[in-house]
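The values are calculated or read from the model by the stated rules, or taken from the named source; none is laboratory data. Because the structure is predicted, anything quoted here is derived from the model rather than measured. With ideal geometry, Cβ positions are generated from the backbone for all residues, glycine too; neighbour counts draw on all protein chains shown.
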Amino acid sequence: MSLSPDGRIARANKRMSDKTGYGRDELVGMPFQTLLSVPSRIFYETNISPLLRMQGFVDEVAMDLRTNDGKPVPCLVNVAERRDADGSLLFTDVVVLRAVERRRYERDLVRKRDASRRELDAAAETAQLREQFVAVLGHDLRNPLASISSGIRLLSQREDLSERGQTVVSLMAGSVLRASELVDNVLDFARGRLGGGITLSRNADGPLGPVLEQVVAEIQSVNSGRVIDSKIDLDENIDCDRVRIGQMLSNLLGNAITHGASDQPIEVRALSDAGLFVLEVANGGAPIDDAARRKLFQPFFRGEVRPNSTGLGLGLHIASEIAKAHGGQIDVTSDTQATRFRFEMPLVVAQS
């Protein structure tokens, strides 16, 4: 249909008459906005009219026309002005396309979007509850593990234990140490997923060397068949969370014990040089391929590296998170000679 400059219908085809229920003679002279629903009338005045004045056309606008019995008809409307050489408005042409299927499709999309949001919200809530459960479970496991560890220490102090008894106690100590590491990793991972992240208690009040030496000694005691060559050369106190750095070393050493060649020594190096604190753990064995190396620090990654390995695959991930929390990073190189994990952290200069 075409509208005169005063907004009244000047011409309308038979299809417009059929779809609206008005006769063609009834349409001619009728204000165009009479055919619009109230929301569409408001939209026409506030949006379409200003656009027509600025650019002379508007394409594919969703509007509702009303039939002669008041029923809404979903439509797509194209509007364009025709002007003479002097720029005076002659007619406004309006092309109306029924859009029942399109509007139904759009409503279906909105419903599906809302359903997807609800599913995502439910999944997020379930994931948070699961992580909270893991955090509570890990926390509650610490007490019985501490009791078992105390009992093992008491047994190991007895002088009349048989050789077999000493072997059993040593195996139990190794299992408790491994279980404690798993619990710590699970708790740290749960905290990170719940938004708390890796927490640090940094200071330079005490030496870091003894902490690292104790970690090496503990792991060596429960892996007496492995050779650990450690060189810890720290002349100054390091501003760091010593417990967390010890946890990092424990995770890296545990990884070397699990995946390194059993007939080759494990090297541990700790030093401060050129404004950096450096901690390295290296082991022999088959090199790690590039694809696996790119995923090493992802949580729960283990099977693709060593199919027969045990554990949750959180050790290297937690070590990496501890490194990031200290403003450093862990890099890994691997070839036929050795697989080497290197942690570097900038030293914090004390303020005078």
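Below are the figures for this structure:
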read-out: Boolean, V73 is among the hydrophobic types (A, V, I, L, M, F, W, C) and closer than 17 Å to S4 by Cβ; value: no
read-out: Tabulated pairs, the stretch 106-121, first outside the structural domain of A62 (by TED's automatic domain parsing), second of a type outside the set (F, W, Y) and surrounded by 10 or more Cβ atoms within 10 Å (Cβ to Cβ), C-beta under 9 angstrom, 6+ apart or interchain; value: E106/A62; E106/A99
read-out: Inter-residue pairs, beta-carbon under 6 Å, first more than 15 Å from L200 (Cα to Cα) and in the stretch 318-338, second in a loop (DSSP other than H, G, I, E, B), 6+ apart; value: S334/P287; S334/I288; D335/P287; T336/P287; A338/G284
read-out: Residue identified as exposed (fewer than 12 other Cβ atoms within 10 Å of the Cβ), aliphatic (A, V, I, L, M) and either within 29 Å of S175 (Cα to Cα) or modelled with pLDDT under 95 (or both) among A291, A261; value: A291
read-out: Every pair of residues 6+ apart whose Cβ atoms lie under 8 Å, when the first sits in the stretch 196-216 and is among the acidic types (D, E) while the second is surrounded by fewer than 16 Cβ atoms within 10 Å (Cβ to Cβ); value: none
read-out: Hits in the stretch 218-258 - residues which are among the charged types (D, E, K, R), exposed (fewer than 14 other Cβ atoms within 10 Å of the Cβ) and modelled with pLDDT of 90 or more; value: D229, K231, D233
read-out: Top-ranked residue in the stretch 154-169 [being part of a helix (DSSP H, G or I) and touching a helix residue (DSSP H, G or I) at 6+ places or on another chain (Cβ under 8 Å); ranked as nearest to V222 (Cα to Cα)]; value: V169
read-out: Residue within the stretch 200-211 that is in contact with an Asp or Glu (Cβ under 8 Å, 6 or more places away or on another chain), basic (K, R) and not assigned by TED's automatic domain parsing to the domain that holds R130 present; value: yes
read-out: Enumeration of residues in the stretch 177-208 that are modelled with pLDDT of 80 or more and either hydrophobic (A, V, I, L, M, F, W, C) or touching a Ser or Thr at 6+ places or on another chain (Cβ under 9 Å) (or both); value: L200, A204, L208
read-out: Pair list, Cβ < 6 Å and 6+ apart or interchain, from the stretch 264-280 residues that are in contact (Cβ under 8 Å) with a residue 40 or more places away in the chain to residues that are in a strand (DSSP E or B) and among the aromatic types (F, W, Y); value: L279/F343
read-out: Residues satisfying the stated conditions in the stretch 318-346, i.e. more than 21 Å from the chain's Cα centre (by Cα) and either among the β-branched types (V, I, T) or at pLDDT below 90 (or both); value: V332, T333, T336, T339
read-out: Selection count where residues are over 26 Å from Q264 (Cβ atoms) and out of contact with any Ser or Thr (no Cβ under 6 Å at 6 or more places or on another chain), scope the stretch 237-248; value: 7
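Residues checked against (1) under 21 Å from the mean Cα position of the chain (by Cα); (2) exposed (fewer than 11 other Cβ atoms within 10 Å of the Cβ); (3) within 18 Å of R15 (Cβ to Cβ):
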| site | (1), (2), (3) |
| --- | --- |
| L89 | no, no, no |
| T92 | no, no, no |
| V95 | no, no, yes |
| R98 | no, no, yes |
| A115 | no, yes, no |
| R118 | yes, yes, no |
| A123 | yes, yes, no |
